[in-house]
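Asks: Pasting in a structure now, in structure tokens, and then I'll have a few things to ask.
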Amino acid sequence: MAAIYSLFIINKSGGLIFYKDYGSAGRMDTNDSLRLASLWHSMHAISQQLSPTTGCSGIELLQADTFDLHCFQSLTGTKFFVVCEPGTLHMEALLKVIYELYTDYVLKNPFYEMEMPIRCELFDLNLSQAIQKDRVALLGR
Amino acid sequence: MQFFSGSSVVDVSLSPTAPPGTATGHAGNNANVLYIFNRNGICLLYREWHRLLRTLDASQDQKLMFGLLFSLRSFTAKMDPVSADKGNLGVPLLPGQGCSFYSFRTNTYKLSFMESPSGIKLILITHPKTGDHRESLKHIYNLYVEYVVKNPLYVTGTPIKSELFTTNLDQYVKTLI
């Protein structure tokens, strides 16, 4: 059972800088994930234009037949989104945790170039721990 | 994909019975908008109830909305983590083909979406805190079938001008606010 299917991080111009799959069916190659990421970036922007009231900041939750997609946008425009099973709870909190890990292990890494793909060992390590912890917590609930 | 539970199709009487309203008491800040598109992307009906912000003119707004739905449909069909065979991104999908979405939420509104097997798309925009609108959309679709499709003077693919439909629609949407 996988509560979380995949995680994407896209930079402020819509480029995919991090993608991790946690067991979704069917293969998604690099091209597909890049295209999905930039497609999401534009969908997010269009949804703000279509808002019937002021102050819209884009899609937060997309509910589909077989999955839920939770999206979190940081103040700098970096977007984090997870694809999870329908009805999975506490995904906002998980996204905040992932954002925290990103600031700690990616942004504070002196060798990381801004807006470029994330290749940081410590980030990978802590991320898999956070996801694991979330799964354990889910089993406990 | 299943569009209707068997009973709701059979039970259609002349005036369909409405599912219970999902009013939340957020009426003050509540913009409700309804779009109906046919499968060619022609907007058959656009109706709004206290919409505060219009950034684009009506036809641009409708085109953008249809484009958003089209892209979101191919996005969800490709993203579908359950099925192994997903086809290519961007290939037009038939109604009911592949994984579809039924709603999305932003901080200012919630959009609920339904597509009928004939490609009629219903889009309802409500306050973000309202509940599931899938039943409401089915009811609106029933109204459409009753008062628009069964109207002998209605030419398919043209904007809806049926007064009976709009009054019934207004009445029903009021229970959602």
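Asks: Quick one: dipole size for chain A, taken about the Cα centre, charges +1 on Lys/Arg Cβ and -1 on Asp/Glu Cβ, in debye to the nearest 20.
Replies: Charge dipole, chain A, about its Cα centre: 100 debye, nearest 20.
Asks: Still on this model: May I ask you to list the lysines whose Cα is less than 19 Å away from that of A:Lys108, ignoring any residue fewer than eight positions away on the same chain?
Replies: The qualifying lysines are A:Lys12, A:Lys79, A:Lys96.
Asks: As I understand it, the dipole of the protein assembly as shown uses +1 on the Cβ of Lys and Arg and -1 on the Cβ of Asp and Glu, about the Cα centre. Which of B:Gly119, A:Gln73, B:Leu153 lies farthest toward its positive end?
Replies: Positive-end residue among those listed: B:Leu153.
Asks: What value, in deg cm²/dmol to 500, does the helix sum -39500 (n - 2.57) over DSSP H runs of n ≥ 4 give at 222 nm once divided by the residues of the protein assembly as shown?
Replies: Rounded to the nearest 500, the figure is -10500 deg cm²/dmol.
Asks: For a test of the definition: using alpha carbon positions, the gyration tensor, and the 1.5 limit on a/c, classify the protein assembly as shown as rounded, prolate or oblate.
Replies: Prolate shape, in that a/c is at least 1.5 and a/b is the bigger ratio.
Asks: Could you name the lysines whose alpha carbon sits less than 17 Å from that of B:Lys161, not counting residues in the same chain fewer than 8 places away?
Replies: Excluding near neighbours in sequence, the set is B:Lys150.
Asks: Could you tell me which trypsin sites (Lys or Arg not before Pro) in the range A:1-76 are loop residues by DSSP with no more than 15 other beta carbons within 10 angstrom of their beta carbon?
Replies: Loop-located and lightly packed - A:Lys12, A:Arg27.
Asks: Further, regarding this structure: Using a 7 Å offset from the Cα along the Cα-to-Cβ direction at both A:Ser57 and B:Asp85, what is the distance between the two label points in nm, to one decimal?
Replies: Each label point lies 7 Å from its Cα, and together they span 4.3 nm.
Asks: Amide H to amide H under 5 Å from B:Gly96: which residues, 5+ apart in sequence or cross-chain, H placed 1.01 Å off N in plane?
Replies: none
Asks: Between the range A:27-77 and the range B:77-150, how many Å separate their Cα centres?
Replies: Rounded to whole Å, the Cα centres lie 17 Å apart.
Asks: Could you give the length gained by full extension between A:Leu34 and A:Asp21, i.e. 0.36 nm per residue of separation minus their alpha carbon distance, to one decimal place?
Replies: The A:Leu34-A:Asp21 span can extend by a further 3.3 nm.
Asks: For B:Lys174, project a label point 7 Å along Cα to C-beta. Then give me every residue of the range B:126-147 with its amide nitrogen under 15 Å of that point.
Replies: Label zone hits: none.
Asks: Quick check for me: using +1 on Lys/Arg Cβ and -1 on Asp/Glu Cβ, what's the dipole size of the range B:26-176 about its Cα centre, in debye to the nearest 20?
Replies: The dipole of the range B:26-176 has a size of about 160 debye.
Quick note: the coordinates plus some simple rules give every number you see, no bench work behind them. As the structure is a computational prediction, the values presented were derived from the model and not from experiment. Counting neighbours? That spans all protein chains shown, and the Cβs are built from the backbone with ideal geometry, glycine included.
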